[in-house]
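Everything below concerns the one structure shown next.
Laboratory data are not the source of any read-out in this text; all were calculated from the coordinates shown. This one's a predicted model, so the numbers in the text were calculated from it and none came from an experiment. FYI the Cβ positions are ideal-geometry reconstructions off the backbone, even for glycines, and counts take in every protein chain you see.
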There are 2 protein chains.
Amino acid sequence: MNVMDAIRLKRAVRKFHDVPLPDDVVHAILNAGRRSQSSKNNQAWQFIAIRDRSVLKALSTCGEWASHIAGAALCVAILTPDPESKFQIMFDAGQAAAFMQLAAWELGVGSCPASLYEFEKTREILKFPAEWHLRIALSFGYPMDEEKISAPPKKGGRRSLEDVVHWEKW
Amino acid sequence: MNVMDAIRLKRAVRKFHDVPLPDDVVHAILNAGRRSQSSKNNQAWQFIAIRDRSVLKALSTCGEWASHIAGAALCVAILTPDPESKFQIMFDAGQAAAFMQLAAWELGVGSCPASLYEFEKTREILKFPAEWHLRIALSFGYPMDEEKISAPPKKGGRRSLEDVVHWEKW
């Protein structure tokens with residue numbers, strides 16, 4: 001799948017088949033995140049790859065809209081330094097997340113990010129040290145609705161170019 | 001170019017040929033950003049696409065490492081709501097930036113993000129209103145070093161999977 005098609009066709013997937021992802025698919029997704037660009041090539045991230053159903057379920061209770069994690073085949077928790085320390089921290093996490101999700105889509109794997117607001121609870125579940133922080137985790141899995149992978153883009157899903165782009169100045 | 005190859009081969013490009021990008025290439029890059037996923041599909045961004053050399057040069061003085069903007073064929077300034085208001089703001093900006101840069105790479109166009117620290121100066125140059133904020137802009141152009149587009153990944157450019165990934169828990 002070429003890049004432009006992946007970008008054009010990718011949509012959020014929150015319901016997944018109860019089928020594990022093969023190890024090579026899991027590695028491909030994590031490698032895409034690892035290979036992402038980052039400010040000064042800092043690579044200021046650590047990923048926790050979760051497939052244990054009990055951990056997935058626990059994590060799914062850490063955000064109001066995070067319930068899709070419970071049914072994911074894989075969750076990747078993106079740990080960062082303190083998100084409030086520099087504006088590049090979450091920007092770079094977003095770049096890594098985009099790379100992982102596009103790579104997954106090419107392999108027929110859907111995904112969705114979840115914001116996690118129960119900071120201390122996520123730390124207790126995943127046991128990461130105080131200098132690392134978790135705000136967003138990604139759910140991955142084969143889409144329950146298999147047609148999503150090849151469906152045309154949803155009409156009105158994104159604002160038009162004219163609504164978003166200014167030329168030369170505001 | 002498939003997604004995985006684009007991710008594997010993409011590298012930062014800071015020196016560009018003094019050749020304009022065709023309009024369809026500029027539109028393809030901006031469309032990739034526009035189509036990016038965002039928290040609650042908020043699409044909390046506006047893009048200023050800059051090709052005027054005098055504006056590019058002015059913007060290149062707004063960050064310590066932003067000089068590459070001066071020689072870019074296109075700069076996309078990613079405007080967001082207050083980056084400190086929610087951790088998703090810069091995360092989503094990063095996702096849009098990753099989409100634009102991968103789409104560009106597929107079209108033979110190199111890119112590099114620049115952090116802009118002179119907030120008020122960028123506002124004066126680009127005339128955007130107080131509710132929008134600019135932290136990161138992307139330079140685009142055909143790479144001066146044309147071999148970069150097809151060169152194998154630099155050895156040691158990224159940390160190994162083992163250094164970055166934890167399984168199930170930290």
Checklist outcome for this item: Within the range B:13-36, residues more than 14 Å from the chain's Cα centre (by Cα), surrounded by fewer than 20 Cβ atoms within 10 Å (Cβ to Cβ) and charged (D, E, K, R) come out as B:Lys15, B:Asp18, B:Asp23, B:Asp24
Next on the checklist: Just to be sure I understand the filter: pairs with C-beta atoms under 6 Å, separated by 6 or more residues or on different chains, first member in the range B:81-98 and farther than 18 Å from A:Ile78 by Cβ, second member among the acidic types (Asp, Glu) and surrounded by fewer than 24 Cβ atoms within 10 Å (Cβ to Cβ). Which pairs pass?
Outcome noted: none
Checklist entry - Just to be sure, is B:Ile78 under 24 Å from A:Gly157 (Cα atoms) and touching a residue at least 60 places away in the same chain (Cβ under 8 Å)? => result yes
Item to check | Only one of A:Arg51, A:Arg159, A:Arg135, A:Arg123 that is within 19 Å of B:Arg35 (Cα to Cα) and charged (D, E, K, R) | outcome: A:Arg159
Checklist entry - Is the range A:2-9 home to any residue that is touching a Ser or Thr at 6+ places or on another chain (Cβ under 9 Å) and either over 13 Å from A:Trp105 (Cα atoms) or of a type in the set (Phe, Trp, Tyr) (or both)? => result no
Item to check | Counted residues, the range A:1-27 - those being among the aliphatic types (A, V, I, L, M) and either facing chain B (nearest Cβ under 10 Å) or in contact with an Asp or Glu (Cβ under 6 Å, 6 or more places away or on another chain) (or both) | outcome: 8
Checklist outcome for this item: Scanning the range B:119-134 for residues that are free of Cβ contacts under 8 Å to residues at least 60 places away in the same chain and of a type in the set (Lys, Arg), the one farthest from the other protein chains (Cβ to nearest Cβ) turns out to be B:Arg123
Checklist entry - How many of the residues making up the range A:37-46 are surrounded by fewer than 19 Cβ atoms within 10 Å (Cβ to Cβ) and either assigned to a helix (DSSP H, G or I) or among the charged types (D, E, K, R) (or both)? => result 2
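Restricting the search to the range A:47-56, which residues are assigned to a loop (DSSP other than H, G, I, E, B) and either at positive phi or basic (Lys, Arg) (or both)? So that I can check it myself, show each step before the final result.
Narrowing the range A:47-56 to residues assigned to a loop (DSSP other than H, G, I, E, B): A:51-52.
Listed by number, the list holds a single entry, A:Arg51.
Which members of the range B:47-56 meet the condition of being surrounded by fewer than 16 Cβ atoms within 10 Å (Cβ to Cβ) and touching a residue at least 40 places away in the same chain (Cβ under 8 Å)?
Residues satisfying the conditions do not exist here.
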Checklist outcome for this item: Within the range A:57-81, the residues that are basic (Lys, Arg) and either surrounded by 24 or more Cβ atoms within 10 Å (Cβ to Cβ) or assigned to a loop (DSSP other than H, G, I, E, B) (or both) are none
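Can you report the number of residues in the range A:139-153 which are of a type in the set (A, V, I, L, M, F, W, C) and in contact with a helix residue (DSSP H, G or I) (Cβ under 6 Å, 6 or more places away or on another chain)?
Number satisfying all stated conditions: 1.
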Checklist outcome for this item: Considering only strands (runs of 3 or more DSSP E) wholly within the range B:86-170, the ones with at least 1 residues that are of a type outside the set (Ser, Thr, Tyr) and crowded, with 24+ Cβ neighbours inside 10 Å are B:110-115, B:133-141
Checklist entry - If you check every pair at least six apart or on different chains, which have Cβ atoms under 9 Å apart with a residue in the range A:33-44 that is within 7 Å of another protein chain (Cβ to nearest Cβ) and within 16 Å of A:Leu79 (Cβ to Cβ) first and a residue that is hydroxyl-bearing (Ser, Thr, Tyr) and surrounded by 19 or more Cβ atoms within 10 Å (Cβ to Cβ) second? => result A:Gln43/A:Ser36
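Among the listed residues B:Leu102, B:Leu116, B:Leu30, B:Leu107, identify the single one that is within 9 Å of chain A (Cβ to nearest Cβ), farther than 23 Å from B:Asp145 by Cβ and touching a residue at least 12 places away in the same chain (Cβ under 8 Å).
Values: B:Leu102 fails: farther than 23 Å from B:Asp145 by Cβ; B:Leu116 fails: within 9 Å of chain A (Cβ to nearest Cβ); B:Leu107 fails: farther than 23 Å from B:Asp145 by Cβ.
One residue alone meets the criteria, B:Leu30.
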